[in-house]
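S.K.: Please read through the structure below; I'll follow up with questions.
No lab work stands behind these numbers, since they all come straight from the coordinates. None of these values were measured; they are calculated from a predicted model. Glycine gets a Cβ as well: all are built from the backbone with ideal geometry, and neighbour counts include every protein chain shown.
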Amino acid sequence: MLSMAAQRLTQSRNKMYIHTIMHGPIRNVHRANRLFPLPCACQNLRRLTRLVTRIYDQELRKADIEITQFGLLTALDIVSEANQKTLSAGFAMDSTTLTRTLALLRRQGWIHVRSGKDRRERVFRLTEAGKRQIAAAQPHWEAAERRLRKTLGPSGWKQMQTIVAQATNAATEA
């Protein structure tokens with residue numbers, strides 16, 4: 001329940017703030033690592049993202065790659081080539097973070113960069129080594145997917161995909 005002051009502030013700005021409070025314990029096999037309820041959607045989603053990233057990174061580590069790198073490689077495999085602005089927008093990723101990841105992929109020899117329409121634009125594409133890296137990492141990515149699918153079950157997996165798509169669209173429009 002919002003305090004009277006919070007209600008007045010909310011009403012005066014014509015906005016409503018929703019806090020997501022998780023009821024009931026979050027399952028965790030390690031009592032010392034027990035997760036606790038967080039007060040807002042953002043904090044809960046960030047925690048979820050860290051946990052899911054950890055699963056994918058654990059599996060992909062066997063192919064010497066992280067999920068952020070694998071994601072960029074697979075995106076470039078789909079689109080053939082893209083400039084940094086397109087990649088940044090497509091991943092809703094900060095350009096500085098993207099620059100660091102692209103530099104690492106380039107040092108690994110997994111991507112090639114060329115100049116674009118003007119001197120500032122850089123266009124990226126996969127190299128043959130990048131395609132081989134995707135092929136080597138694919139089974140490990142699939143293992144991470146199986147781990148989540150198994151835990152969620154078919155219905156939970158489908159619900160998760162629907163909710164993530166809805167939340168992504170809502171955040172894009174907010």
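S.K.: Show me the trypsin sites (Lys or Arg not before Pro) within region 141-172 that DSSP assigns to loop and that have at most 12 other Cβ atoms within 10 Å of their Cβ.
M.R.: Sparse-neighbourhood loop trypsin sites (Lys or Arg not before Pro): none present.
S.K.: Determine the shape class of region 77-174: with a ≥ b ≥ c the square roots of the Cα gyration tensor eigenvalues, call it rounded for a/c under 1.5, and otherwise prolate if a/b is greater than b/c, oblate otherwise.
M.R.: It comes out oblate by the Cα gyration axes.
S.K.: Under 12 Å from the Cβ of Q161, count the other residues' Cβ atoms, weight Lys and Arg +1, Asp and Glu -1, and hand me the total. Could you put the intermediate results ahead of the total?
M.R.: Values: positive: R149, K158; negative: E145.
Around Q161, the surrounding residues sum to +1.
S.K.: When a/c reaches 1.5 or more, the comparison of a/b and b/c decides; with that in mind, is region 37-101 rounded, prolate or oblate per its Cα gyration tensor?
M.R.: oblate
S.K.: Around K117, with a cut-off of 15 angstrom between Cβ atoms, what is the net charge of the other residues, counting Lys and Arg +1 and Asp and Glu -1?
M.R.: Taking every Cβ under 15 Å from that of K117, the sum is +2.
S.K.: Excluding residues fewer than 8 places away in the same chain, name every one of the lysines whose C-alpha is closer than 22 Å to that of K150.
M.R.: List returned: K62, K158.
S.K.: Which lysines, on any chain, are close to K117 with Cα under 28 Å apart, when same-chain ones fewer than 8 places away are left out?
M.R.: Leaving aside lysines fewer than 8 places away in the same chain, those within reach of K117 are K85, K131.
S.K.: Quote the charge dipole size of region 26-162 about the Cα centre in Debye, to the nearest 20; the model charges only the Cβ of Lys and Arg (+1) and of Asp and Glu (-1).
M.R.: Values: 26 positive and 12 negative charges, 80 e Å.
Computed charge dipole of region 26-162: roughly 380 debye.
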